Structure formats: structure tokens, C-alpha cells
Amino acid sequence: QVQLVESGGGLVQAGDSLRLSCVASGRTFSSYSMGWFRQAPGKEREFVAFTSASGGRTYYGDSVKGRFTISRDNAKNTVYLQMNTLNSEDTAVYYCAAYWSGSYYSPVGYRSWGQGTQVTVSS
């Protein structure tokens, strides 16, 4: 299984931008589709974005569509999440995960998870 480490979280103000990174170990990263999820206190884990193995297909959750962009660099074993126009509702722990099967928007379909990185947006 691939091991994942997220970074780039922090405390920002509403309207700011932030870029998260997720570095994967192993030589098979380029064969995995990848996703970003987030989880706020007391809430279920929410789908944020998905990218296919090649990066040719991307999907987004409704709450971030038009503001967030997922991308990947297979040569660097890294997937990114560019987050623009942040607001307080984006405050959560953000996780990257390697897709396995089933619905790309369900956490059940992912088999490897990072430890998460905290994003806090002050209003």
C-alpha cells in the first residue's frame, strides 16, 4: 500500500489562499487515482476533490467547486490541492487518500489515508 503524508495546512484569514501537498511513498503512485477529503469537528468526512491517475479527470464537491483545484505531479509522487477564496466553512482537517474502488466521492472507496493537515480559516 502507498503511504501518504499531507502538509501545507495552517491558519489563514477569510479570502486567502492555501496549497496543500500530499507526498506518496512507493513506485506505484502514478497508477493510483487520488482524492482529498476533509472533516470538521462533529461532522462526517466530506469529499473535496478527485483526480484520476493521469490527472486527466477531476471532480469536485459542490461546496468547493470553482474555488479549489486538484492537481498532481507523478514525477514527484505528489498530489496538490489549491484552495482559493477560503471561508470559515472550509475549516477542517484535510486528508488525502488513494482511491481503490466504488464511488470516488465516498471515503469507503479509498484504502490508504494520510494523517491529515489542519486548515483553519478565521473570519
Query raised in the report: What longest region of the chain stays clear of trypsin sites (Lys or Arg not before Pro) that DSSP places outside H, G, I, E and B and that have at most 15 other Cβ atoms within 10 Å?
Result: 68-123
**Report entry** In segment 1-110, the GluC sites (Glu not before Pro) that fall in loop regions by DSSP, at most 15 other Cβ within 10 Å
**Finding:** 44
Report task. Work out how far the C-alpha atoms of the chain reach from end to end along every principal axis, then list the three figures in whole Å, largest first. Result -> 41, 26, 25
**Report entry** Label point 7 Å beyond Cα of residue 87 along Cβ direction - residues of segment 98-123 with amide nitrogen under 14 Å
**Finding:** 121-123
Requested in this report: Name all residues of segment 49-67 having a backbone nitrogen under 18 Å from the label point set 7 Å from the Cα of residue 17 along its Cα→Cβ direction, giving them as ranges.
Outcome: 64-67
Query - Sequence of 81, 11 when ordered by accessible area, the most exposed leading, probe 1.4 angstrom - result: 11, 81
Query - GNM top mover of 108, 12, 93 - the chain, alpha-carbon springs below 10 Å - result: 108
Requested in this report: Select from 33, 101, 112 the residue whose mean-square fluctuation is largest in a Gaussian network model of the chain (Cα-Cα springs shorter than 10 Å).
Outcome: 101
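The values are calculated or read from the model by the stated rules, or taken from the named source; none is laboratory data. What you see is a predicted model, and the numbers here were worked out from it, not measured in a lab. Neighbour counts are summed over all protein chains in view; Cβ atoms, including those assigned to glycine, are modelled from backbone coordinates with ideal geometry. Areas reflect the complete protein model, heavy atoms only, side chains present, ligands, DNA and RNA absent. Shrake-Rupley method; radii C 1.70, N 1.55, O 1.52, S 1.80 Å.
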